[in-house]
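Notes follow the structure.
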Amino acid sequence: MTDVSSLVEGRTGKWEVVIGLEVHAQVSSQAKLFSGASAAFGAGPNEHVSLVDAAMPGMLPVINQFCVEQAVKTGLGLNAEINLFSIFDRKNYFYADLPQGYQISQYKQPIVGEGSITITLADGSTRDIGIERLHLEQDAGKSMHDQHPSKSYIDLNRSGVALMEIVSRPDMRSAEEAAAYVSKLRAILRFLGTCDGNMEQGSLRADCNVSVRRPGEELGTRTETKNLNSIRFIAQAINSEVARQIEIIEDGGTIDQETRLFDTSTGQTRTMRSKEDAHDYRYFPDPDLLPLELDAAWVETLRQSLPELPDALRTRLMDEFGLSAYDAGLISEDRDTAAWYEAAAAGRDAKLVANWMTVELFGALNRMGLDLADSPVRPDQLGQLVERISDGTISGRIAKDVFAIMLEDGADPDQVIEEKGFKQVSDTGAIEAIIDTVLAENTDKVDEYRGGKDKLFGFFVGQVMKASKGQANPGVVNDLLRQKLNG
Amino acid sequence: MSDKNPDFSLDHNSDHNVIDKTTIQKIAKLARIEIAPEREDTLCGELSTIISWVEQLGECDTAHVEPLASVTGHSLPMRDDVVTSGDDPDAVLSNAPEEASHFFVVPKVVE
């Protein structure tokens, strides 16, 4: 079925975009997939390299059990089929940062089969995106080409690091859906703890397969844009690739099936290698490794021990705290945000806490360039602030002033309210006195109001609130004003 | 099954080579080796013979046999997730033809 809303308008009519993603997620292990060298980021050149990773003769790979466990957990988190029997293959190609001359990967029998992810779009609608497979494989080393005019420098620290390649079905129809897919996948990986999802450090990278077609027609020729390391770049690369393909086809040309690179400085994709140079990987089972056989009972144990995942958390936030789908989506994006929220909302007006957190707090942190973990306001402090609004101590407007002070010095809201004399005035005597003064100063307006100009009521409320420096309880002001003006 | 299998003979002089010159050059490119044109004929013959010989396996009916990935019957040995090696770039680089600041140095490769 063609979703009409996501079609792209060309010069000659509408186009449907078809996107499939291959995401490489680094397993959050201490050691590499087949060696005992560290998988940590940021060491000096070739410091995290064993003789296995450097492919010295006679070295044999021995698989890291933790990595197998993380792949299975991820598969379970993607509602995917776990294959109790899988095989490691050699994917053969020559490159300077691949000393073995092949990458150990899984080809025909991967550890995880079909699954799916539910994505939520900005309008609140949801879509299921199919997962074709997940397999374990080795990362390659890193080449640097800018150190020397005629030489490349090779660092093998990443060589042999465990990656999970997660391949989607070509189920996405827009850059927005692709971005939502990667966000959701990253959230699931983080909740599971199987990958840290750090895109800047390369723990999560995506290859985007993009093609366009007339709605309902056969699939067009696709291109693959490699190694995108931010969600924003994924969206940019897709949009630029879609525009390029549509322009070529509308000009009477055809799309070459090729591998492309995304240039972050121009926001455009460019050819990396064409079909003629396409790799012929000559996959075959790695004779150094036996088939990977899993125990069904062990898989079941892992399934039972899975943590709460984003979808379940989101549903719980909606059911338990009455949050909107949108707020619940924002708060369930990562586990720490959800924990922060739950600590703030416990025993308080949960919807109001969510509103303060997503609007005021996130807005302020954004302006200050801070993460939630570095927030000057603690969860219990935001909760207390909301409690003071709920129990009528301060108005919502005054609460913003209190919040601004809390952001500056991390003070408790009660302390700020006390020290700054922000307490809301609900004492009818005090408010009546203010009202009397306001009415005495505006006798002309009082006459107009009584003469039928009802709209002036708002003016009087405003004047009273102003005279009380915003501290008068608006409900009490309304009641008393009405009595005095109409009485 | 068996009626689909071509009848490969072991005749060295078969002029019906299954490996042609284009394939020879493709394999050479994938293996990063250079094959002089005058060697192509010999290699076509030799490789075709080898392929034909292996093709004899096609005569076996394997329709109901699971693919075999291992003959030992052992299960895959595993390691714990513990760092046990590394931190020795000098050893890793000791056989490198060229190195600089603990990097391997190779002729420039840019795709």
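Picking from A:ALA344, A:ALA339, A:ALA325, which residue would you name as being closer than 26 Å to A:ASP391 by Cβ, outside the structural domain of A:TYR181 (by TED's automatic domain parsing) and in contact with a Gly (Cβ under 7 Å, 6 or more places away or on another chain)?
Values: A:ALA339 fails: in contact with a Gly (Cβ under 7 Å, 6 or more places away or on another chain); A:ALA325 fails: closer than 26 Å to A:ASP391 by Cβ.
The match here is A:ALA344.
Considering only residues of the range A:68-106 that are assigned to a helix (DSSP H, G or I) and open to solvent by 20 Å² or more (accessible area, probe 1.4 Å), which is nearest to A:LEU289 (Cα to Cα)?
Looking only at the range A:68-106, we keep the residues that are assigned to a helix (DSSP H, G or I), and these are A:68-77.
From what's left, open to solvent by 20 Å² or more (accessible area, probe 1.4 Å): A:69, A:73.
On the way: A:GLU69: 17, A:LYS73: 22 Å.
Here the answer is A:GLU69.
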Residue check for A:PRO57: more than 13 Å from every other protein chain (Cβ to nearest Cβ) and over 30 Å from A:SER240 (Cβ atoms): no
Some residue of the range A:89-106 being in contact with a Gly (Cβ under 8 Å, 6 or more places away or on another chain), within 17 Å of A:VAL182 (Cβ to Cβ) and not charged (D, E, K, R): no
Residue identified as surrounded by fewer than 18 Cβ atoms within 10 Å (Cβ to Cβ), within 10 Å of another protein chain (Cβ to nearest Cβ) and small (Gly, Ala, Ser) among A:SER125, A:SER143, A:SER150: A:SER150
For A:VAL416: the one exception among (1) open to solvent by less than 10 Å² (accessible area, probe 1.4 Å); (2) within 22 Å of A:GLY329 (Cα to Cα): (2)
Breaking point among (1) more than 30 Å from A:ALA40 (Cβ to Cβ); (2) at the interface with chain A (Cβ under 8 Å from one of its Cβ atoms); (3) open to solvent by 80 Å² or more (accessible area, probe 1.4 Å), for B:LEU57: (2)
Selection from the range A:345-382 of residues that are touching a residue at least 40 places away in the same chain (Cβ under 8 Å) and closer than 24 Å to A:GLY193 by Cα: none
Candidate set: the range A:393-411, residues that are of a type outside the set (Gly, Ala, Ser) and farther than 16 Å from A:MET357 by Cβ; chosen: the one most open to solvent (accessible area, probe 1.4 Å): A:GLU408
Selection from the range B:86-103 of residues that are open to solvent by 30 Å² or more (accessible area, probe 1.4 Å) and either among the polar types (S, T, N, Q) or more than 7 Å from chain A (Cβ to nearest Cβ) (or both): B:ASP88, B:ASP90, B:ALA91, B:SER94, B:ASN95, B:PRO97, B:GLU98, B:GLU99, B:SER101
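Being of a type in the set (D, E, K, R) and either surrounded by 24 or more Cβ atoms within 10 Å (Cβ to Cβ) or more than 10 Å from chain B (Cβ to nearest Cβ) (or both) is the filter here; which residues of the range A:153-168 pass it?
Filtering the range A:153-168 down to residues of a type in the set (D, E, K, R) leaves A:155, A:158, A:165.
Listed by number, the residues that qualify are A:ARG158, A:GLU165.
From the list B:VAL83, B:VAL106, pick out the single residue that is at the interface with another protein chain (Cβ under 7 Å from one of its Cβ atoms) and open to solvent by less than 40 Å² (accessible area, probe 1.4 Å). Show your work before the answer.
Values: B:VAL83 fails: open to solvent by less than 40 Å² (accessible area, probe 1.4 Å).
That would be B:VAL106, the only listed residue that is at the interface with another protein chain (Cβ under 7 Å from one of its Cβ atoms) and open to solvent by less than 40 Å² (accessible area, probe 1.4 Å).
Going by the structure shown, is A:ILE19 in contact with a Cys (Cβ under 8 Å, 6 or more places away or on another chain), under 26 Å from A:ARG127 (Cβ atoms), modelled with pLDDT of 95 or more and assigned by TED's automatic domain parsing to the domain that holds A:VAL112?
Numbers: in contact with a Cys (Cβ under 8 Å, 6 or more places away or on another chain): yes; under 26 Å from A:ARG127 (Cβ atoms): yes; modelled with pLDDT of 95 or more: yes; assigned by TED's automatic domain parsing to the domain that holds A:VAL112: yes.
Taking the combined requirement at face value, the residue satisfies it.
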Qualifying residue in the range A:471-486 (condition: within 50 Å of the chain's Cα centre (by Cα), within 20 Å of A:ILE394 (Cβ to Cβ) and assigned to a loop (DSSP other than H, G, I, E, B)): yes
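Here is a yes/no grid of residues against (1) under 28 Å from the mean Cα position of the chain (by Cα); (2) farther than 24 Å from A:LYS226 by Cβ; (3) β-branched (Val, Ile, Thr); (4) buried (at least 23 other Cβ atoms within 10 Å of the Cβ):
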site	(1), (2), (3), (4)
A:VAL8	yes, no, yes, no
A:VAL18	yes, no, yes, no
A:VAL23	yes, no, yes, yes
A:GLN26	yes, no, no, yes
A:GLN30	yes, yes, no, no
A:LEU33	yes, no, no, yes
A:ALA54	no, yes, no, yes
A:PRO57	no, yes, no, no
A:LEU60	no, yes, no, no
Test for A:GLU132: is it among the charged types (D, E, K, R), at pLDDT 95 or above and not in a strand (DSSP E or B): no
Some residue of the range A:277-290 being touching a residue at least 40 places away in the same chain (Cβ under 8 Å) and among the hydroxyl-bearing types (Ser, Thr, Tyr): yes
Checking A:VAL27 against (1) out of contact with any Gly (no Cβ under 8 Å at 6 or more places or on another chain); (2) facing chain B (nearest Cβ under 10 Å); (3) within 19 Å of B:PRO89 (Cα to Cα); (4) aliphatic (A, V, I, L, M), the condition it does not meet: (3)
Qualifying residue in the range A:457-467 (condition: without any contact (Cβ under 8 Å) to a residue 40 or more places away in the chain, within 29 Å of A:ALA404 (Cα to Cα) and of a type in the set (Phe, Trp, Tyr)): yes
Given (1) assigned to a strand (DSSP E or B); (2) among the hydroxyl-bearing types (Ser, Thr, Tyr); (3) away from chain B (no Cβ under 14 Å), number of the condition A:THR337 does not satisfy: (1)
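Scan the range A:317-329 for residues that are under 20 Å from A:TRP356 (Cβ atoms) and open to solvent by 50 Å² or more (accessible area, probe 1.4 Å) and jot them down.
Our first condition is that a residue be under 20 Å from A:TRP356 (Cβ atoms); within the range A:317-329, this holds for A:317-318, A:320-329.
Selection gives A:MET318, A:GLU320, A:SER324, A:TYR326.
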Filter result (exposed (fewer than 10 other Cβ atoms within 10 Å of the Cβ) and either of a type in the set (Ser, Thr, Tyr) or outside any helix (DSSP H, G or I) (or both)) within the range A:435-453: A:THR443, A:GLY451, A:GLY452
Hits in the range B:60-80 (condition: within 7 Å of chain A (Cβ to nearest Cβ), in contact with a helix residue (DSSP H, G or I) (Cβ under 7 Å, 6 or more places away or on another chain) and either open to solvent by 90 Å² or more (accessible area, probe 1.4 Å) or not in a strand (DSSP E or B) (or both)): B:ASP80
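The values are calculated or read from the model by the stated rules, or taken from the named source; none is laboratory data. Keep in mind that what you see is a predicted model, and the values were worked out from it rather than measured. For neighbour counting, all protein chains shown are included, and Cβ atoms are generated from backbone atoms with ideal geometry for every residue, glycine included. The area values use the complete protein model at the heavy-atom level, side chains included, leaving out ligands, DNA and RNA. Shrake-Rupley method; radii C 1.70, N 1.55, O 1.52, S 1.80 Å.
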